Amino acid sequence: MILTAQETHQLKKAPHVPDVLPIFHERWSPRSFSDREVSNEALSKAFEAARWAASSYNEQPWRFLVGRRGTETYKKIFESLGEFNQKWARTAPVLILGVARDNFTHNNTPNRFALYDLGAAASYMTLEAASLGLHTHQMAGFDQDKARNLLGIPADYLIGSVIALGYQDEPSKLGDDRLIGQETAPRQRKPHSEFVYESWQTPLPLA
Ligand SMILES: Cc1cc2nc3c(=O)[nH]c(=O)nc-3n(C[C@H](O)[C@H](O)[C@H](O)COP(=O)(O)O)c2cc1C
């Protein structure tokens with residue numbers, strides 16, 4: 001018995017923790033995307049959230065190339081994806097490539113935090129998308145040089161991740177047992193004690 005999309009969403013959602021914003025527990029990364037289009041309004045809201053992320057020297061080094069299915073940008077991003085990611089991402093209505101300017105504008109010195117800042121903006125974007133009922137799935141599995149060449153990304157921009165964005169579909173539509181298994185498996189996370197320290201590798205007692 002394959003779980004339905006709704007059952008899968010319920011399983012994937014992290015358990016609610018009182019006084020923690022529910023949206024952090026709502027977001028997860030599906031691979032089954034429906035072909036339902038995403039409105040400009042929803043995209044605009046998602047990028048509004050990205051816009052207000054903090055960044056070193058307020059450089060806002062992030063740039064997002066957005067491809068809607070059927071456009072040249074979509075085709076180029078899709079072509080850059082690895083075989084595994086192409087298998088499932090082809091139904092996503094929107095593919096986004098995040099890049100970051102690697103020099104500060106104010107003094108043209110290297111910005112060691114450019115990718116860090118891009119990650120923060122991307123996180124805000126994925127959380128806003130989740131609050132709109134959308135889903136996102138970030139990917140490192142793509143050919144960076146191919147993406148750079150096909151999309152004409154200048155050398156002074158670092159390549160971040162590709163993000164598939166759209167609405168969740170039925171896991172059965174993935175049509176592949178391994179992908180369906182991953183789609184319907186519970187999510188795992190480390191406990192706080194493994195990553196919140198009071199001294200190196202000594203957990204901060206929180207409870
Ligand atoms: C930078 C980054 C790269 C990722 N690359 C891939 C990828 O190439 N293919 C894929 O299927 N998932 C990829 N993922 C998704 C992760 O596997 C997923 O976020 C992780 O298992 C946690 O699951 P969750 O997002 O549902 O919480 C990537 C996620 C991030 C943040």
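Every number in this text was worked out from the coordinates using simple rules, so none of it is lab data. All figures in this text were calculated on a predicted structure; none of them were measured in a lab. Glycine also receives a Cβ, built like all others from the backbone with ideal geometry; neighbour counts cover every protein chain displayed.
Inverting the pair-averaged 1/r between distinct Cα atoms of the stretch 72-136 gives 14.0 Å as its Kirkwood hydrodynamic radius. Legend: ranking of residues M1, M139 from fewest to most surrounding C-beta atoms inside 10 Å; resulting order M1, M139. By the count of neighbouring beta-carbon atoms within 10 Å, fewest first, V38, V162 end up ordered V38, V162. Along the axis of the charge dipole computed for the chain (Cβ charges of +1 for Lys and Arg, -1 for Asp and Glu, origin at the Cα centre), the listed residues P15, A54, G141 are led at the positive end by G141.
Extension gain, R112 to K13, is 32.3 nm, computed as 0.36 nm per intervening residue step minus the present C-alpha separation.
About the centre of its Cα atoms, the chain shows a dipole size close to 200 debye [charges on the beta carbon of Lys, Arg (+1) and Asp, Glu (-1) only; nearest 20 debye].
With a length cut of 15 Å (Cα positions projected on each helix's long axis) and a Kyte-Doolittle mean of at least 0.5, go through the chain and give me the DSSP H helices that pass. Numbers along the way, then the final one.
Values: long enough: 40-51 (16 Å, -0.49); 114-131 (26 Å, 0.66).
Qualifying helices, which must be both long enough and hydrophobic enough, are 114-131.
Estimated from the Cβ-Cβ distance and a Förster radius of 30 angstrom, the FRET efficiency linking R187 and D35 is about 0.75. Estimated translational diffusion coefficient (Stokes-Einstein, Kirkwood radius over Cα pairs, 4 °C, 1.567 mPa s) of the stretch 1-152: 77 µm² per second.
With r as the distance between the Cβ atoms of Q201 and D102 and R0 = 35 Å, compute the FRET efficiency 1/(1 + (r/R0)^6) and round to 0.05. Don't skip to the end; give the middle numbers.
Working: r = 32 Å, r/R0 = 0.92.
That gives a FRET efficiency of 0.60.
Label-to-label distance for S44 and T4 is 3.4 nm, based on points extended 7 Å past Cα in the beta-carbon direction. In this label model, A54 and I23 are separated by 1.7 nm, measuring between points 7 Å along each Cα→Cβ vector.
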